[in-house]
Structures are given as C-alpha cells and as structure tokens.
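Note sheet for the following structure.
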C-alpha cells in the first residue's frame, strides 16, 4: 500500500467563509502515485470545518448565514470565561461549536488516480474564526 501525505496553507480573509480547495486536493491526488484507494482531507484547526458541497455562490453565502443562526456569536458561553496564561480571554466559543457541527475532515474515494466526486461536488475548507493562516493535510492511501 502507498501512503502519500501533503500539507498546504490557506490564507483566509473573513471571519467566516468557504474556501474551495478542490483543485489543490486533486493535484495532490494526481501526484500521489495512488491509483485506487482513499483520500483524507483534514484541517489542523478546531475553529474550521471541512465539507463537500456544490460550488454555487448562493450556497457559499447560505452556509455561513445558517451557521450564524444555529450558533450565534453573542451568547454566554463558558469558553468566553477562559483566560490564557498570557492574560488573553477566549472569545470564540461559537467557532469551536460550529466546527463540531461541520467536522474537521472528509474522506473521498480515489479511482484510476482521481477523486470520485459527483459532478457538482467540491471540497471546502470552512473558516469559522478568521482571518488566519490555516493548514490542511491531505493523505492519499491505496495501491
């Protein structure tokens, strides 16, 4: 079995946004040498998400709006009372809770050296506490 691991950075620009990373993931799979197997796309951050959905501009706006309604920023979260050793307060509980709902990874089949995605399916990194530099790991495993 072959295992190919790559890590890449994504610079986000807004507090909540969807970044289409499909092209980068497809390139990694293509260069992995894996013909048939699986691809794991994983975020290294607890205030992000990874999802697969349609690349449609309205939907790209609807997802952040839905998350804001589901987990509002202005609430009395316990996490907001946490103090770091350097004196800063944690005030991003909503981002962690949204991340729990989104999930931090996606697993996609690989066949004949390509991702097996539906005709409208795209892979997104979902920023929930930006803007920041985010790290995504892609591991391709198989024969």
Being more than 10 Å from residue 138 (Cβ to Cβ) and either outside any helix (DSSP H, G or I) or free of Cβ contacts under 8 Å to residues at least 40 places away in the same chain (or both) narrows 6, 14 down to just 14
Which of (1) touching a helix residue (DSSP H, G or I) at 6+ places or on another chain (Cβ under 9 Å); (2) in a strand (DSSP E or B); (3) buried (at least 16 other Cβ atoms within 10 Å of the Cβ) does residue 19 not meet, given it meets every other one? (1)
Criterion: over 17 Å from the mean Cα position of the chain (by Cα) and either surrounded by fewer than 16 Cβ atoms within 10 Å (Cβ to Cβ) or under 19 Å from residue 129 (Cβ atoms) (or both) - qualifying residue of 54, 114, 60: 114
Go through the residues of region 67-82 one by one and say whether even a single one is buried (at least 16 other Cβ atoms within 10 Å of the Cβ), modelled with pLDDT of 95 or more and at negative phi. yes
For residues that are surrounded by fewer than 16 Cβ atoms within 10 Å (Cβ to Cβ) and at pLDDT 85 or above, tally how many sit in region 90-103. 4
Flag if residue 87 is loosely packed, with under 12 Cβ neighbours inside 10 Å, within 22 Å of residue 12 (Cβ to Cβ) and more than 14 Å from the chain's Cα centre (by Cα): no
For region 75-105, which residues satisfy the criterion of being in contact with a helix residue (DSSP H, G or I) (Cβ under 9 Å, 6 or more places away or on another chain) and in a strand (DSSP E or B)? 89
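The values are calculated or read from the model by the stated rules, or taken from the named source; none is laboratory data. Computed from a predicted model, the values in this text were never measured in an experiment. We place every Cβ from the backbone using ideal geometry, glycine too, and count neighbours over all the protein chains shown.
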